[in-house]
Amino acid sequence: MSLAFDDYGRPYIILRDQGSKKRMKGLEAYKSNILAAKAVANTLSSSLGPKGMDKMLVSPDGDVSVTNDGSIIVEKMEIQHPTAKLLVELSQSQDAEIGDGTTGVVVLAGKLLEQALTLLDKGNHPLKISDGFDRACDVAIKHLETISEEIDIQANEHEALIQAACTALGSKVVSKRKRELGKIAVTAVLDVADLARKDVNLDLIKIQTKTGGSVEDTRLISGILIDKDMSHPQMPKEVKEAKICLLTCPFEPPKPKTKHNINISSAEDYKKLYQQEQQYFVDMVKLVKDSGANIALCQWGFDDEANHLLLQNELPAVRWVSGTDVELIAMATGARIIPRFQEITPEKLGKAGSVKEVQFGTSNERMLVIENCQCTKAVTILIRGGSQMIVDEAKRSIHDAICVIRNLIKDNRIVYGGGSAELACAIQVLQYADEVSSVEQYAIRSFADALEGIPCCLADNCGLNPITSVAQAKSRQLQENNPRIGIDCMELGTTDMKEQRIYETLSSKKQQIQLATQVVKMILKIDDVIAPDDY
Amino acid sequence: MSQFLQPTILLLREGTDTSQGRAQIVSNINAVQAVADVVKSTLGPRGMDKMIQTGPKVTISNDGATILNLLEVVHPAARVLVDIAKSQDDEVGDGTTSTTLLAAELLKEAKPFIEEGIHPQIVIQGYRKALELALEKLEGFSINISRDAPEEKRDTLLKCAQTALNSKLLANTKQFFSELVVSAVEKLDPNILDRDLIGIKNVTGGSVTDSFLVDGVAFKKTFSYAGFEQQPKRFENPKICLLNLELELKSEKENAEIRIEKPEEYQQIVDAEWALIYEKLDIIVKAGAQIVLSKLPIGDLATQYFADRNIFCAGRVPQEDLLRVQKATGGQIQTTVNGLNPETFGTCGLFEEVQVGAERYNLFKNCPQSRTATIVLRGGAEQFIQEAERSLNDAIMIVRRCFKANKIVAGGGAIELELSRYLRHYARSVTGKTQYIVNSFAKALEVIPRTIAENAGLNSIEIMNKLRQRHAQGGEEGRWYGVDINGASGVCDTHSSFVWEPSLVKRNALCSATEAACAILSIDETVKNPKSDQDTKMKPRGQPGRPPMGMRR
């Protein structure tokens, strides 16, 4: 990128490593940026909707994952191009805030950029385009709010929530079981939700996966499941009315943290030392036992010696419980975490209805289920499935569904899916465009076209003719003044999404449109790219 | 005959590059121009952004100083531009692009004089004279706002913040953000206005308008150990204990060794260590602290101890956040708990841990000595938030300056044109070469409105003519005419359309641009030493000083 020449035609060296840098300016820069971003959006567009396809991604280590979740796909694609990376972050920020709709947001951004490219070719100033998009975005958001409907989340055994969860699950590999999984997700969220404050702490829902069985075997445990078994095979497999002692110290003689050395000079001393160590074990077990605990969970490991003693004293114990599990168990059972044996008191024990070791299939794998906890503020969803890939994908799908339900609890307004909301907004934006006198008019119109791109894409993925079906839906929306007409992806014979009960949260749709517009505006504002030559 | 020839005198090391004379000045001017061209298109409300990739990092920015810094300019004369942009950034915080452009334009105007053989010093003198006059006039033109009522003053500050945000990504939400920025600056101590006390925290996700201001301190939840979730997450009027102390079971001294002679002593050592940590924790609890924050880690033992006693704790709090908490709550950071005095505790109206996007944040609100504020920025992508942060930084600096200086001028190129008009007028009363030079200074000032118009896609020649005519008519009405990027005519009274800037920004920009131009004009020789030998030779050969066996890693 030589920037200047002197009177003899020799280039100046103004920047460091000038020769190895590349500079793109003006229209060239816009186009290169837009094309890169569009490429990402195109990859994702076939994953949109209930009939969307999955992508198989192989990581550098050879791990294979199959997914339909937009944010995961773009994350694993390891995109290098800086502008394309913006779309990756776009998807992730939708994931962080809403948890669902990560594909839709990228596809919408791609459609907007496509429109922007045509406008640029016609000679529009990029900032006029972005101004127009911005105004159109405001109109679309306002319209979304007017067509949104409040639903009663309590009515009919939370039917509305289940439907919304089903919509989120509809596009995933587990769609066959969407009703069952949706119910599980709804129950899980309602168990931990604080309905008065409209707050759901998702940390309290633990999702545990286990390969084997089928997706139908997925179940909700109103308690905690940990991937551990009793420390000794002869310990009882079930403890009723459990009083749990949560320890963060090992069943071992205590060690000072300071570097230490024990010098033993005589056999007598050695014996003493041995006895003292033995005494420690006895004391420890006694302390636990005396407090009334009938099961001990320990964050660290313990000696075989201790294990044996525990068995003899009929005190079932579990070792190497992870820190996060310890915390969850403490929350659920009302236990206090005990840092050393001297501090065990009966008040610090947690209470649970039962602690049970369960075994799955023919494999020798066992898990511990802690149920009927004192304060059931934590639940676990145990996902089963034929292979690791299915289980992983099911986990992501359920996570999406949980997010949708959480958003509905926060804000119970919904819009209808199947592209109907986008179509309704597009119509509104088009009307608005006619009222604008300046150049932005064209950009606003293009925004409407981009919004129509979503139902188009949906129809395309479902094997329908995109143009006819979108045109039909649009004309029916206009004729009947009914914003709920969308694309009949499932071929149920009706295009009224209220009848099909395809619910999406208002917050998710709003966020999608806002975020996509924001990123497009940002890309449109870049007129100069300075990068290393291999860009 | 040959013995009578002068021997060649080697003055400089071999490979040294020298160039001198008039050609050198012209060449420097060209280089400066090339750099200024890069930032030119970022000026004004219709300015564009640059995307610069340095290694794996990508920056998208509209801020002149940031762009110049990332360009890694190596040309010695062009570096002067980078330096003035930086100094403008440090001193005023905004107006970096216009400073750079102005300096380059002054040089461009000087180029014909140099080529025609006018001595550079005469040009420099002329520029200095013109600057002096311009500054004097700027002072006269600027509008004093210190006597305004507080509400009006606040309104002025809002307008200034909006002008600063106009050219940035946040332009469409400038009302929202100007409100945020002005409220944040108002929270500060009006006498000092320490910029460090306004924290900006970035959280990806959400829309930009989800950003909010905390009248106190906010920071991201620190790493926590098991037991943390059992701590209370909300306090009203808590007592906050600030520590720079590790609360963990650990050896008190590094490398200490204990020698135990008898097995019985073993337990004593263990107990002693526990006693040490428990003693510390006990002191904190007894003193009545409800929130414990430490710069150093707070271990799992302490976390659980505090959880049992309904105390909230956070370890590994970043230094700057801790300092801000100290300022906001009126507490003092302690390095030991011995003799912990409840008087050193701070307090605030409300403490809460809340979910912001995917993160949990600790918020300290309604602080009694609220001399600090935190802006939590939300937005779609990482780069977006980073650019938003830079923009807000500019706006904060502008508002601060405005708060202090109390003088404003109208933007949109209006003030530059007015100064230009005045200088042209003045030039007619001068005899000699200075006349030309003052005239070119006046012409150079026009670069600002011209570039704004060009960037907005307007016909700059037509606009400039309209503006010159308005200003030439003189009087109060014509004075504030500047570029209007929205209207059909292209010009408007920018004062009445509220494009306001603190006069200090312009003052500093004029001064540093002129200084830079003069500095470059006065350089008539560059001696560039070749890269030192060691640098170039070391790399291929490895380290020659070492014996071969040093190859082992």
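Rule-based calculations on the coordinates, nothing more; no lab input. Predicted, not measured: the structure shown is a model, and the values here were computed from it. Virtual Cβ from ideal backbone geometry, glycine too; neighbours counted across all protein chains shown.
Spatially, the stretch A:127-159 and the stretch A:30-60 are offset by 25 Å when compared through their Cα centroids. Only DSSP H runs of four or more residues enter the estimate; each adds -39500 (n - 2.57), and after division by the residues of the protein assembly as shown the mean residue ellipticity at 222 nm equals -16000 deg cm²/dmol.
Once you sort the root eigenvalues of the Cα gyration tensor of chain B as a ≥ b ≥ c, which label holds: rounded (a/c under 1.5), prolate (a/b larger than b/c) or oblate (the other case)?
oblate
Is there a simple number for the mean count of other chain Cβ atoms within 10 Å of the Cβ of residues in B:24-34, and what is it? Don't jump to the answer; show the numbers that get you there.
Working: counts 0, 0, 2, 6, 1, 0, 7, 6, 2, 2, 8.
Taking the mean over all residues of the peptide, I get 3.
Rounded to the nearest 0.05, what FRET efficiency do B:Glu279 and B:Arg259 have when you use their Cβ-Cβ distance and R0 = 25 Å? Numbers along the way, then the final one.
On the way: r = 24 Å, r/R0 = 0.97.
Approximately 0.55, to the nearest 0.05.
Based only on other Cβ atoms within 10 Å, what is the fewest-to-most ordering of A:Leu87, B:Leu301? Walk me through the numbers on the way to the answer.
Numbers: A:Leu87 32, B:Leu301 22.
Lowest to highest Cβ neighbour count: B:Leu301, A:Leu87.
Remark: for residue pairs A:Lys183/A:Lys410; A:Lys25/A:Lys509; A:Lys31/B:Lys528, the C-alpha separation exceeds 30 Å in A:Lys25/A:Lys509; A:Lys31/B:Lys528. A simple spin-label model places pseudo-atoms 7 Å from Cα toward Cβ; at B:Arg154 and A:Asp152 they are separated by 4.4 nm. Peptide A:249-259 has a mean shielding of 5, counted as Cβ atoms of other protein chains within 10 Å of each residue's Cβ.
Pairs B:Lys153/B:Lys187; A:Lys521/B:Lys153; B:Lys187/B:Lys404; A:Lys128/A:Lys474; A:Lys525/B:Lys153: which are spaced more than 21 Å apart, C-alpha to C-alpha? Could you put the intermediate results ahead of the total?
Numbers: B:Lys153/B:Lys187 15 Å; A:Lys521/B:Lys153 33 Å; B:Lys187/B:Lys404 14 Å; A:Lys128/A:Lys474 28 Å; A:Lys525/B:Lys153 33 Å.
Cα-Cα > 21 Å for A:Lys521/B:Lys153; A:Lys128/A:Lys474; A:Lys525/B:Lys153; rest within.
On the basis of the beta-carbon distance and an R0 of 56 Å, A:Glu159 and B:Arg309 show a calculated FRET efficiency of 0.80. The relative contact order of chain A comes to 26 percent, based on Cα pairs under 8 Å that sit 6 or more residues apart. Taking amide H as placed 1.01 Å from N in the peptide plane, A:Asp199 has its amide H under 5 Å from the amide H of A:Asp194, each at least 5 places away in sequence or on another chain. Residues A:Thr494, A:Thr333, A:Thr248, arranged from fewest to most other Cβ atoms within 10 angstrom of their Cβ, appear as A:Thr494, A:Thr248, A:Thr333.
Find the relative contact order for chain B and round it to a whole percent, using C-alpha pairs within less than 8 Å whose residues are 6+ positions apart. Don't skip to the answer; put the middle values down first.
On the way: 979 pairs, mean separation 138.5, N = 553.
Relative contact order, chain B: 25 percent.
With Cα atoms defining each centre, the stretch B:216-251 and the stretch B:490-533 are spaced 48 Å apart in the structure. Ignoring lysines fewer than eight residues from A:Lys356 along the same chain, the ones with Cα atoms less than 18 angstrom from its Cα are A:Lys206, A:Lys210, A:Lys228, A:Lys237, A:Lys240, A:Lys243.
Could you pull out which residues in the stretch B:269-311 have an amide N less than 18 Å from a spot 7 Å beyond the Cα of B:Glu343, following the Cα-Cβ vector? Within reach of a label on B:Glu343, which here means backbone N under 18 Å from a point 7 Å along Cα→Cβ, the stretch B:269-311 contributes B:287-289. Does a label point 7 Å from the Cα of B:Gln473, set along Cα-to-beta-carbon, have any residues of the stretch B:482-497 with amide nitrogen under 19 Å, and which are they? Under cut-off, by backbone N: B:482-485, B:487-497. The mean number of partner chain beta-carbon atoms within 10 angstrom of a residue's beta-carbon across peptide B:299-309 is 4. Each residue of the stretch A:414-420 was assigned a 3J(HN,Hα) from its phi angle through the Karplus curve 6.51 cos²θ - 1.76 cosθ + 1.60 (θ = phi - 60°); the sequence is 10, 10, 9, x, x, x, 5 Hz, with glycine and proline shown as x. Relative to one another, the C-alpha centroids of the stretch A:161-235 and the stretch B:340-395 are positioned 34 Å apart. Relative to the longest principal axis of the Cα atoms of chain A, the long axis of helix A:267-290 makes an angle of roughly 60 degrees. The amide H of A:Ala296, built 1.01 Å from its N in the peptide plane, has A:Cys245, A:Ala317, A:Val318 as neighbours under 5 Å, considering only residues 5 or more places off or on other chains. Phi angles of the stretch B:427-444 translate, via the Karplus equation with coefficients 6.51, -1.76, 1.60 and θ = phi - 60°, into HN-Hα couplings of 4, 5, 8, 9, 9, x, 5, 3, 3, 4, 6, 4, 4, 6, 4, 4, 5, 4 Hz per residue; Gly and Pro are given as x.
The relative contact order of the stretch B:332-374 comes to 31 percent, based on Cα pairs under 8 Å that sit 6 or more residues apart. With 0.36 nm allotted per residue and the present C-alpha distance subtracted, the B:Ser489-B:Ile461 stretch has 8.8 nm of extension available. Taking the C-alpha atoms only, the angle from helix A:440-461 to the longest principal axis of chain A is near 60 degrees. Per-residue Karplus couplings for the stretch A:509-520, computed as 6.51 cos²θ - 1.76 cosθ + 1.60 with θ equal to phi - 60°, are listed in order as 4, 4, 4, 4, 5, 5, 5, 4, 4, 4, 5, 4 Hz, Gly and Pro entered as x.
Taking the C-alpha atoms only, the angle from helix A:126-147 to the longest principal axis of chain A is near 60 degrees. Bridgeable lysines around B:Lys262 (alpha carbons under 22 Å apart, same-chain partners fewer than 8 residues away excluded): A:Lys255, A:Lys257, A:Lys259, A:Lys271, A:Lys272.
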